[in-house]
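Every number here is computed from the coordinates shown, using simple stated rules; none is lab data. Every value quoted in this text rests on a predicted model; they were computed, and no experiment measured them. Reconstructed Cβ throughout: ideal geometry from the backbone, glycine too, with neighbour counts over all protein chains shown.
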Ligand SMILES: [Zn+2]
């Protein structure tokens with residue numbers, strides 16, 4: 001299950017989840033593509049209520065989606081000659097990003113607007129480094145858990161669903177989904193998350209032969 005963390009960095013997300021909200025998640029994916037695992041996959045993480053007992057939780061560092069014109073994205077994403085980039089707030093002091101002098105830029109420069117649960121939200125895309133790591137992680141999980149399909153909830157026409165599954169649909173679902181697919185109260189991983197690009201790349205990764213150990 002994919003989340004965005006509304007914190008901006010994995011360091012900040014870990015602090016909020018563990019120290020303030022007493023929640024947990026298996027993986028945190030930082031803006032530079034660094035992946036942190038904080039829990040064994042055989043343990044249950046507290047990240048999505050009804051889905052906790054049968055899901056692996058992944059928190060993706062991103063400030064999230066907002067109603068159009070809300071203002072947060074203007075603060076977080078100034079633009080230079082190369083396009084928008086993340087400017088972390090002064091109070092954060094230490095970002096904890098492991099790549100020295102890393103500049104986080106959305107994979108697509110334009111702000112993405114899309115409907116979740118029938119309401120419009122806007123958001124900036126993940127970084128290319130996050131997609132690259134997430135593809136490897138998802139493929140690895142699909143290999144580890146063969147019942148996990150490299151697909152997401154879709155409607156009758158094959159489009160990625162932008163609403164919540166019913167309890168029965170969720171019970172039968174074996175794939176990759178967003179937090180918003182299990183609860184009407186959540187919008188993550190948001191309208192900018194590029195499901196089709198991601199899933200195409202996960203399937204391509206799964207089709208590659210595993211490298212033999214030396
Ligand atoms: Zn979430």
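Once the chain from residue 70 to residue 174 is taken as fully extended at 0.36 nm per residue, the excess over their C-alpha distance is 33.9 nm.
Cβ-to-Cβ counts within 10 Å put 173, 180 in ascending order as 173, 180, the fewest first.
Report the equivalent ellipsoid semi-axes for segment 2-207 in whole Å, largest first, defined as the square roots of five times the eigenvalues of the gyration tensor built from alpha carbon atoms.
25, 20, 17
Three semi-axes describe the equivalent ellipsoid of segment 43-164; taken as square roots of 5 times the Cα gyration tensor eigenvalues and ordered largest first, they are 28, 20, 15 Å. Taking 0.36 nm per residue of sequence separation and removing the Cα-Cα distance, the residue 39/residue 144 pair yields an extension gain of 36.2 nm. Computed from the Cβ-Cβ distance with R0 of 30 Å, the FRET efficiency linking residue 163 to residue 132 stands at 0.55. Label-to-label distance, residue 210 versus residue 50, with points set 7 angstrom from Cα along the beta-carbon direction: 3.5 nm. Note on residue 16 and residue 82: the extension gain reaches 20.6 nm, defined as 0.36 nm multiplied by sequence separation minus the Cα-Cα distance. Return a whole-number percent for the relative contact order of the chain, with Cα pairs under 8 Å and 6 or more residues apart as the contact set. This gives 22 percent for the chain.
Need one number: the % of Cα-Cα pairs in segment 115-181 sitting beyond the 15 Å mark. Roughly 63 percent, once rounded to a whole number. The alpha carbon convex hull volume per residue for segment 92-142 rounds to 145 Å³.
Each stretch of four or more DSSP H residues adds -39500 (n - 2.57); spread over every residue of the chain, this sum gives -6000 deg cm²/dmol at 222 nm.
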